[in-house]
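Engineer: Okay, here's the structure, questions in a sec.
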Amino acid sequence: PRGNALTFEASAGRRPIMAVLDSAGRALARVPLPLGMVWAHFTSDGRGLILRESRTTTAIRVVPVAGGPVRDITPGEADDSPLGWTRDGSAVVVARPVDSGDAIVVAPISGPSREIALPRVAGARHFVTSDGQVALYNVAIPKSDRVRLMSLDLSTRRETVLSEYEARGIGMYVSASGGEFYFLERHGSQVEIRATKGAGSPRVIRSFPANMLGKTTFAVHGNRVAWWEAWRDSSLLMVAEGTATAPRVIAAVAAGNKKGPVEIAWSYAGRSIVSGVQGAASGTPGATTSADAAMLVIDVPPPGQRATPRRIETGAQYWFDARWLPDDSGIAVVAGYGVAGQSHILLVPTRQGDAPVILTRDDPQEKWSYVVSPDGKLVAYPGYRFHGSAVWRADLNGILGTAGATKR
């Protein structure tokens, strides 16, 4: 109404702010919102906002890889999300958004949890190293298009600047093997894959042309990088070691309507790579989908040779987020089933003849992330709890002053 528009802004932690802008882009009002707000629109007279709050929480659940009951290790009163495990595998490291900012919760398999407050960084997404010792996050540099990669030692609370680079087109992720944190760092026309354990200067593993971003995915194991490249009607699985060695082709598969293989992940020992073949759209970005939801396991061949990918049927409509067990005996994924696309944590054994096993068959709630314990015996994931919803109205009559949200 009257040419006004709505935008969401991030404030401290994950608590959102609804900004009301005029036609020139000037902010007329900023409305602090409770956690869980999911959409909003103007009232018919343009003097207020109608918002909906989704009352959803998650409990961190653990399930044995060998089979057994699912149990909760957090109370399910917040939006908990697993980041990793402590080094000894006795506790899950959990991200928990709170009104005052993000927090890290160390949730033992048995016993009370402890909470660690994180620095208040607008719009930051926190990562935790695989040993649960260090949190990493980006901080925007004011009046520039660059960011700083920061680390926070969760024991000493010491913050360190690890690196500085261009913000656009950059992603970060934690390796399942090697105990390192890998990230992409852009400098002009080049993007570097770098590694850090949360202290000291990150090391450069390999550089690529920046125009490869969005065209492929990278998987890192030590100093080796694997990625897919399109070539004619095929996709080539490439592997290169270090910063200067020439890449080599280790496998080739038919691209299939130019959609080719997608997600890739190294085994812990670095002897094999798992990938999938992308099919029709599943509604889940990056997922290997129902048109061909099989896995391809490629054993890395000696120099000068090519491997024949081994195909494993998953029985799912789609899967994503492949993680090898530490002994490389199986690969865990989030897999979707049925007309409603119900998701589960699926374990796919690598030994020929063994059938995939749904670890969370007794839990009907959706699953979208998980972490495997260091010994490979447990999987932790967020189990959703739905508590209904609430409708809110934000009064904009004092639009040049401070507006607030009230529940209807």
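Engineer: Could you compute the FRET efficiency for GLN352 and ILE17, with r as their C-beta to C-beta distance and R0 at 56 Å, rounded to 0.05?
Structural biologist: Working: r = 54 Å, r/R0 = 0.97.
Plugging the Cβ-Cβ distance into 1/(1 + (r/R0)^6) gives 0.55.
Engineer: Okay, moving on. Calculated FRET efficiency, ALA199 and ASP45, Cβ-Cβ r, R0 60 Å, to nearest 0.05?
Structural biologist: Details: r = 57 Å, r/R0 = 0.94.
For ALA199 and ASP45, the calculated efficiency is 0.60.
Engineer: Express in nm, to one decimal, how much length is gained between ALA230 and LYS143 on full extension, taking 0.36 nm for each residue of separation and deducting their alpha carbon distance.
Structural biologist: Details: separation 87, 0.36 × 87 = 31.32 nm, distance 3.82 nm.
Using 0.36 nm per residue and subtracting the Cα-Cα distance, I get 27.5 nm.
Engineer: If packing is taken as the average count of other Cβ atoms within 10 Å, what order do 108-117, 361-370 fall into, highest mean first? All intermediate terms of the calculation are to be shown ahead of the outcome.
Structural biologist: Details: 108-117: 12.2, 361-370: 15.3.
Result, highest mean Cβ count within 10 Å first: 361-370, 108-117.
Engineer: Can you figure out the FRET efficiency of VAL249 with ASP88, using R₀ = 41 Å and their beta-carbon distance, to the nearest 0.05? Mind showing how you got there, number by number?
Structural biologist: Working: r = 40 Å, r/R0 = 0.99.
The computed FRET efficiency comes out at 0.50.
Engineer: For the residue pair ASP153 and ASP395, what label-to-label distance in nm results when each label sits 7 Å from Cα along the Cα-to-beta-carbon direction?
Structural biologist: 5.1 nm
Engineer: By per-residue mean of other Cβ atoms within 10 Å, what is the highest-first order of 241-248, 55-62, 151-158? Kindly include the intermediate steps, with their values, before the conclusion.
Structural biologist: On the way: 241-248: 12.5, 55-62: 19.9, 151-158: 14.6.
The densest-packed peptide leads the list: 55-62, 151-158, 241-248.
Engineer: Still on this structure: Of all alpha-carbon pairs in the stretch 189-244, indicate the percentage at a distance above 19 angstrom.
Structural biologist: Numbers: 499 of 1540 pairs.
Taking all Cα-Cα pairs of the stretch 189-244, the fraction more than 19 Å apart is 32 percent.
Since every read-out is calculated from the coordinates, none of them should be taken as a lab result. Not measured: the values here are computed from a predicted model. Virtual Cβ from ideal backbone geometry, glycine too; neighbours counted across all protein chains shown.
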